[in-house]
């Protein structure tokens, strides 16, 4: 059972518990509904209804039931963690490394198993990635330590409160030094993972900026404004400069076994209790040498 608390401020005086939980504590409706029906809304220690109005100075506690976890085998491996607090950790993921464990291979080396080991988690550990990186992509990725943090952080995705930027080494050159790629993305017909540009697809927007060129390749810095599957890879293929080593949307490269030249290099987010953090991760040497 996880508890989320707050002291009612003068600005919140007279507001109902429902509004405080959803808007001030940033709980999801599902979490609030579960707490409401389990009598887990407490005002100064007293169980109250969702419509009860709080007074300034009172302590609101919302108890969030934890769902049952799926046990995975801890995997001891070196893990770069440039930031950690009581609610989340940011991992600098290497490639190739899957972000999540397979249901059929719970004991394989994945970021999920490595985080399980790093946090020395109990058997009911629940892995809560806020964003995900493809197996072949390296760089900064956020993992929440509990359900409330995951909900809070995911609600920020694709806003100015949660900014993600990437570096990509590409085969060829973009038509302009910078620009916004605004092309809808859909699943390819009959495919399981491949995506394509399609008028029937979901809106997708990626900003790019050319940083450098060399050896027939270009180095781009990219910012995501939406979060479609394979968005950067699909957009750069459409731009005529696919990510180097991208076996699905470009060409494999012998120097990049099982990965491609895409790296999550910058992260800015609003934490629950420690303000805004900004982190950077430099382009890995095996990608820089491609230029």
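Listed values, structure above:
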quantity	calculated
Mean separation of Cα contacts under 8 Å, 6 or more apart, over the residue count of the range 162-288: relative contact order %	29
Per-residue Cβ neighbour rank within 10 angstrom, fewest leading, 189, 85, 12	189, 85, 12
Convex hull of the chain built on C-alpha atoms - directionally averaged projected area, nm²	17.5
Computed label-point distance, nm, for sites residue 155 and residue 79 using a 7 Å Cα→Cβ extension	2.7
Which of 130, 62 has the fewest Cβ neighbours within 10 Å, and the rest in rising order	130, 62
GNM result for the chain, Cα springs below 10 Å: residue of 136, 172, 275 fluctuating most strongly	275
Distance between modelled label sites at residue 3 and residue 192, nm, 7 Å Cα→Cβ extension	4.6
Length-normalised contact order of the chain in % [C-alpha pairs under 8 Å, at least 6 apart]	15
Rounded if a/c under 1.5, otherwise prolate or oblate - the range 83-148, Cα gyration tensor axes	oblate
Relative contact order (%) - criterion: Cα under 8 Å, at least six apart; region: the range 83-148	44
Most fluctuating residue given options 280, 176, 165, as computed from a GNM of the chain linking Cα atoms under 10 Å	176
Residue of 58, 231, 151 that the Gaussian network model of the chain assigns the largest fluctuation, springs spanning Cα pairs under 10 Å	58
The range 110-183, Cα convex hull volume normalised per residue, Å³	133
Cα-based shape type of the range 2-64, given that a ≥ b ≥ c are square roots of the gyration tensor eigenvalues and the cut on a/c is 1.5	prolate
Residue order, fewest to most beta carbons within 10 Å, for 226, 192, 206	192, 226, 206
Where labels lie 7 Å past Cα in the beta-carbon direction, separation of residue 59 and residue 209 in nm	4.7
Area projected by the alpha carbon convex hull of the range 120-252, averaged over all directions, nm²	10.2
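Rule-based calculations on the coordinates, nothing more; no lab input. The structure displayed is predicted, hence computed values, not measured ones. A quick note on method: Cβ atoms are made from the backbone with ideal geometry, for glycine too, and the neighbour counts reach across all protein chains shown.
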